[in-house]
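The values are calculated or read from the model by the stated rules, or taken from the named source; none is laboratory data. In this text the structure is predicted, and so the values were computed from the model without any measurement. In this analysis, Cβ positions are derived from the backbone assuming ideal geometry, glycine residues included, and neighbour counts consider all displayed protein chains. These accessible areas exclude ligands, DNA and RNA; they are computed on the full protein's heavy atoms, side chains included. Shrake-Rupley method; radii C 1.70, N 1.55, O 1.52, S 1.80 Å.
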Amino acid sequence: MEDPFLCPGHCVALRLFSIVHHVTDDKIGEMMKAIRKCNKRYRFVKFTLDEEQDVNIEYDFPFGIDDASLGKVVCNMLRLILRITDEAYPELMQAFWGSQPEWTDLPEDSQTH
């Protein structure tokens with residue numbers, strides 16, 4: 001009997017690798033706090049710290065999405081993951097740097113967009 005929690009046939013997953021690259025040993029505690037907050041806030045995606053100490057975002061699609069609608073579902077989820085990344089990135093960077101980077105303190109008209 002096949003285990004329903006294992007991937008039957010084919011699986012679809014989205015992964016965004018290294019949204020924060022190489023968290024130093026002295027920052028892992030703060031980064032894990034930020035990751036836990038993000039995982040609590042964004043319940044459909046999972047923030048992880050991998051073996052290279054990079055922060056990644058993961059999403060595994062549920063079983064039962066038919067092939068005809070899979071492309072549309074993947075594109076919609078990718079848009080959602082990118083929006084979540086934009087929202088979570090400042091908090092992750094604050095954990096990485098320990099405070100706001102200096103360039104965020106510049107007057108609004110001096111920042112390039």
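Which one of these does PHE63 not meet: (1) of a type in the set (A, V, I, L, M, F, W, C); (2) within 30 Å of LYS27 (Cβ to Cβ); (3) out of contact with any helix residue (DSSP H, G or I) (no Cβ under 7 Å at 6 or more places or on another chain)?
(2)
When the residues of the stretch 1-37 are filtered to those that are modelled with pLDDT of 95 or more, more than 23 Å from LEU80 (Cα to Cα) and not charged (D, E, K, R), which remaining residue is most open to solvent (accessible area, probe 1.4 Å)?
Looking at residues that are modelled with pLDDT of 95 or more, more than 23 Å from LEU80 (Cα to Cα) and not charged (D, E, K, R), I get HIS22.
Any residue in the stretch 10-24 that is farther than 19 Å from LEU78 by Cα and among the polar types (S, T, N, Q) sitting within a Cβ distance under 9 Å of a residue that is part of a loop (DSSP other than H, G, I, E, B) and open to solvent by 50 Å² or more (accessible area, probe 1.4 Å)? List the pairs, counting only those 6 or more apart or interchain.
Within 9 Å, no pair qualifies.
Residue-wise test of (1) within 18 Å of SER18 (Cβ to Cβ); (2) in contact with a His (Cβ under 8 Å, 6 or more places away or on another chain); (3) charged (D, E, K, R); (4) in contact (Cβ under 8 Å) with a residue 40 or more places away in the chain.
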{"residue": "ARG36", "(1), (2), (3), (4)": "no, no, yes, no"}
{"residue": "LYS46", "(1), (2), (3), (4)": "yes, no, yes, no"}
{"residue": "ASP54", "(1), (2), (3), (4)": "yes, yes, yes, no"}
{"residue": "ASP60", "(1), (2), (3), (4)": "no, no, yes, yes"}
{"residue": "PHE63", "(1), (2), (3), (4)": "no, no, no, yes"}
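Of the residues in the stretch 10-45, how many are assigned to a strand (DSSP E or B) and not polar (S, T, N, Q)?
Final tally of qualifying residues: 7.
Within the stretch 90-111, identify whether any single residue is among the aliphatic types (A, V, I, L, M), open to solvent by 50 Å² or more (accessible area, probe 1.4 Å), modelled with pLDDT of 85 or more and out of contact with any Phe, Trp or Tyr (no Cβ under 7 Å at 6 or more places or on another chain), and answer yes or no.
Taking every residue of the stretch 90-111 in turn, none turns out to be among the aliphatic types (A, V, I, L, M), open to solvent by 50 Å² or more (accessible area, probe 1.4 Å), modelled with pLDDT of 85 or more and out of contact with any Phe, Trp or Tyr (no Cβ under 7 Å at 6 or more places or on another chain).
Could you run through the stretch 54-83 and say how many residues are small (Gly, Ala, Ser) and open to solvent by less than 50 Å² (accessible area, probe 1.4 Å)?
2
In the stretch 36-49, which residues are of a type in the set (A, V, I, L, M) and under 9 Å from the mean Cα position of the chain (by Cα)?
VAL45
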